[in-house]
Each structure stands twice: as C-alpha cells, then as structure tokens.
1. Chymotrypsin sites (Phe, Trp or Tyr not before Pro) within segment 151-204: which are DSSP loop residues with at most 16 other Cβ atoms inside 10 Å?
2. Could you state the orientation-averaged shadow area of the convex hull built on the Cα atoms of segment 228-346, in nm² to one decimal?
3. Can you give me the long-range amide H partners of Lys271? Hydrogens built in the peptide plane at 1.01 Å from N, cutoff under 5 Å, separation of 5 or more residues or another chain.
4. Work out from phi, with θ = phi - 60° and the Karplus expression 6.51 cos²θ - 1.76 cosθ + 1.60, the ³J(HN,Hα) of each residue of segment 317-332, listed in order in whole Hz, and give x for Gly and Pro.
5. Tell me, what ³J(HN,Hα) does each residue in segment 272-283 have, in order and in whole Hz, if you take phi through Karplus 6.51 cos²θ - 1.76 cosθ + 1.60 with θ = phi - 60° and put x for Gly and Pro?
6. Do any trypsin sites (Lys or Arg not before Pro) in segment 86-139 lie in a DSSP loop with no more than 14 other beta carbon atoms within 10 Å, and if so, which?
7. How big is the Cα convex hull of segment 254-309 in projection, averaged over all directions, in nm²?
8. Using alpha-carbon pairs under 8 Å, 6+ residues apart, how would you state the relative contact order of the chain in percent?
Amino acid sequence: MAKKDEPMSEGEEETEAESISESESESQSLSGGGESKGGLEYIMSLPDVPTKLPPHMELQRTRVFCNADAPIHTDTVQYSGAFAALGEDNSFRLDHFRKNFRIEVMRYSEDDMEFDMIGIDPALANAFRRILIAEVPTMAIEKVLIANNTSVVQDEVLAHRLGLIPISVDPRLFEYADNNAPNERNTIVFKLHAHCERVKGERRRHTVKANDLKWLPNGSEFLLESGDSNSNSTSKPKTHTSFSCSQDSLPEFSNNPIGFKGKLNDIIIAKLGSGQEIELEAHAVKGIGKTHAKWSPVATTWYRMLPEVVLLEEIEDEMAEKLKSKCPVGVFDIEDIANGKKKLTVARPRACTLCRECIREGEEGEKRVSLRRVKDHFIFTIESTGALPPDVLFTEAVKILESKCERVISDLS
C-alpha cells in the first residue's frame with residue numbers, strides 16, 4: 001500500500017478499485033440493497049435450506065382427514081411462524097390472497113344458488129353465513145290491525161303467520177321505521193278481507209292465500225280513534241299512517257307494484273268455513289333477522305368443505321363392485337380394463353356426504369380409500385325466501401362485512 005503522500009501506480013489503483021467493487025456487491029447481496037435479493041430471499045436461495053413442507057405436513061395443513069372413528073387435523077394453522085424451521089412462511093399475505101381467491105358459480109336459479117369459494121378462511125365463510133341469516137334487511141309484516149276474525153285461527157297466530165310471508169320488494173328502497181311515524185318511505189300497508197258465504201244445505205270452504213293481501217299505496221284505511229270530541233269534522237280523518245303521497249306515484253313503484261310474486265302467491269294464510277270472515281290491515285316495515293326470524297332473507301344458507309376422495313391402491317373386480325354398491329350417492333364408478341378386468345374409479349367426489357360406508361371395514365378400508373376435505377375450498381349454498389335473488393343477497397352480505405371492517409378501522413384509528 002502506498003503512503004498517503006506518495007501517489008499510487010496505475011496497477012495498484014486498478015487492484016484497489018476491483019476489491020472495493022467486490023466488497024460492495026457482497027454487502028448489497030446480503031442486505032438486499034439495489035435490485036439484488038433481500039435477506040430472507042437470499043437465505044432461502046441457499047442449497048441446504050428446504051423450500052417447501054414435506055408432503056405429509058402439507059396434507060395436514062391443507063386437508064381434513066375423515067377417518068372411520070373421527071376426523072383429524074381439523075384446525076387451521078394461523079400462526080405465521082408455525083413452519084419457520086422448514087423455511088415455510090405461513091403468514092397471511094394480501095397479494096397471495098388476491099391471486100388465489102376466486103368464486104365459481106355451480107348452480108343458479110331464482111330461489112337458490114350454489115357456488116365455490118376458494119382460497120378463503122373458515123372464519124370468513126362463517127361470517128358470510130351469519131350475516132346472510134341475521135343482518136341483511138328485508139321487509140316483513142310487523143303490525144296487524146284486525147277488524148274482524150271469526151275463523152278458527154286465533155288473532156295472535158294469524159298475525160304470526162302473516163309476518164312470516166316473504167314480500168317481493170327491494171328493502172333497499174325503504175328506510176328503517178325506528179320511532180318515526182309510518183310514511184311512504186318506511187311502511188307498506190296491505191288489506192285483507194276474505195269471507196266464506198253461508199249457503200243452506202252446503203258445506204263450503206274457502207282458502208285464504210297470500211294473493212288475497214291487497215297493497216294500499218295510499219296508506220292505511222282504518223281511522224285512528226280520537227278522544228277529542230271538538231275536533232273539526234271538515235278536516236281530513238286521521239289514519240294509522242301519514243303518507244304524504246301515494247307509493248305508486250314514486251318512480252320505483254310506478255311500474256313495479258308491491259305484492260307477492262310467483263310461488264309466494266300460493267302461501268296459505270287460513271281456511272274459512274261457512275259464514276267465517278277475516279278483515280284486517282297489515283303494516284310491513286324494514287328489519288333484520290337478528291331482531292326476528294321473519295326478517296331473515298334466506299330460508300337457509302350453509303357451506304361445507306370440498307370433499308376429496310382418494311384411492312390409495314388399485315381396487316379391482318369383486319372388491320370394486322362391493323365398494324361401488326356401498327356408496328349411497330354414487331361417488332364411485334367402474335372402468336373396464338384389459339383382459340375383462342374392472343377397476344374402481346372416483347367419478348363424482350363432490351357428491352360425497354361423508355357417510356364413511358366405504359371405510360367401515362376398519363383399517364383395511366382406510367388403507368384402500370382416503371376421505372378428505374379441503375380446508376380452504378367451501379361449497380356455499382344460499383336459499384332465498386323470495387324477497388331478493390340469492391346473488392343480490394350475497395352481494396349485500398359482502399357490503400355489510402365491508403362496512404363492519406371500515407367501522408373497526410375507524411374506531412382503532
């Protein structure tokens with residue numbers, strides 16, 4: 001090395017420059033500087049570090065094993081460092097979730113829908129189920145004003161039956177009534193007047209159905225009793241609602257009258273005998289299933305993990321026929337192979353109901369067939385009551401969960 005006061009030769013300058021550039025590149029590769037690999041990526045790129053879990057541990061992490069006695073490995077591993085010793089990062093990553101999460105619609109109709117939610121945690125799937133049952137609002141009959149009821153159905157039972165009839169109207173067009181006066185924006189009024197005429201010598205019966213409920217767009221027709229005897233007789237008589245305008249004059253209802261559509265028309269309310277009569281008014285308001293089940297928009301909604309049926313060995317001929325006949329839902333099928341032999345195949349694994357009939361023979365059965373469930377793949381089913389289509393219900397559930405998350409974030413910040 002030359003002294004400070006002595007100039008270096010040209011060869012010494014090149015040697016020192018090369019050593020400085022090498023040391024800089026080494027420090028950058030270890031610290032993640034520039035465009036080189038970061039510290040964790042550098043360690044994971046070393047040849048002796050495992051890059052993924054062993055197959056048996058990967059199965060335990062992603063599958064539920066349904067043995068003959070009980071399922072095992074049912075829990076989901078949430079801890080980010082659970083597999084750190086094996087070089088597996090188990091932490092939740094938003095980019096990974098966006099890449100892998102998807103929804104595939106398998107069946108759709110006006111009343112129900114079945115779709116697959118893939119790449120989601122069980123807690124989120126259950127959150128959607130609970131929101132659909134208890135927090136998506138609908139319109140339902142809350143108050144029943146009975147003027148006459150001579151049927152065999154008691155008043156309180158009749159009111160309860162009316163409340164459970166789904167109304168074909170979009171609840172998003174209405175406001176919550178709360179303690180406000182009933183108006184055209186928070187209340188729907190229906191009238192029911194059914195009578196079974198008495199004819200001498202005949203035994204008549206009349207069935208009262210949901211289509212006998214007639215929508216009153218101008219509000220209640222039952223007068224509100226007033227104790228003031230000095231009230232002005234020329235003023236407009238007060239009713240149980242205070243509509244400022246007719247509901248059928250509003251643009252959302254002008255060409256879409258409120259009522260009961262399709263199969264909802266045939267819901268039976270009561271059956272009248274000769275001379276019996278029902279006259280009443282029913283007032284519907286907006287609410288959620290958490291308050292009462294009549295506001296729940298779904299008949300039911302549920303999910304199950306995707307079944308996975310794996311043959312651990314070749315099953316042929318007589319044993320194949322035996323296992324196929326054991327399955328009540330037809331998961332297995334028989335395939336013809338060479339020399340007249342037959343082989344068992346898994347044709348419809350999605351239909352598996354986990355009855356375990358194929359593994360009832362103890363250890364021998366479990367050695368042939370493995371029944372599993374995929375932990376992050378859910379078959380979700382929604383059955384609508386008829387108020388809203390099932391796809392709209394799920395979209396509303398997503399919006400409610402989003403608003404809950406925003407509320408938590410705002411409260412924490």
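1. Tyr176
2. 19.6 nm²
3. Those lying under 5 Å, H to H, from Lys271 are Val208.
4. Result, rounded to whole Hz: 6, 4, 5, 5, 4, 5, 5, 5, 5, 6, 6, x, 10, x, 5, 9.
5. 9, x, 4, x, 8, 8, 10, 9, 7, 10, 10, 10
6. Counting only loop positions with at most 14 other Cβ atoms within 10 Å, the trypsin sites (Lys or Arg not before Pro) in segment 86-139 are Arg93.
7. 9.0 nm²
8. Rounded, it is 23 percent for the chain.
Quick note: the coordinates plus some simple rules give every number you see, no bench work behind them. Quick caveat: nothing in here was measured; it's all calculated off a predicted structure. Using ideal geometry, Cβ is built from the backbone for each residue, glycine included, and neighbour counts are taken over all protein chains shown.
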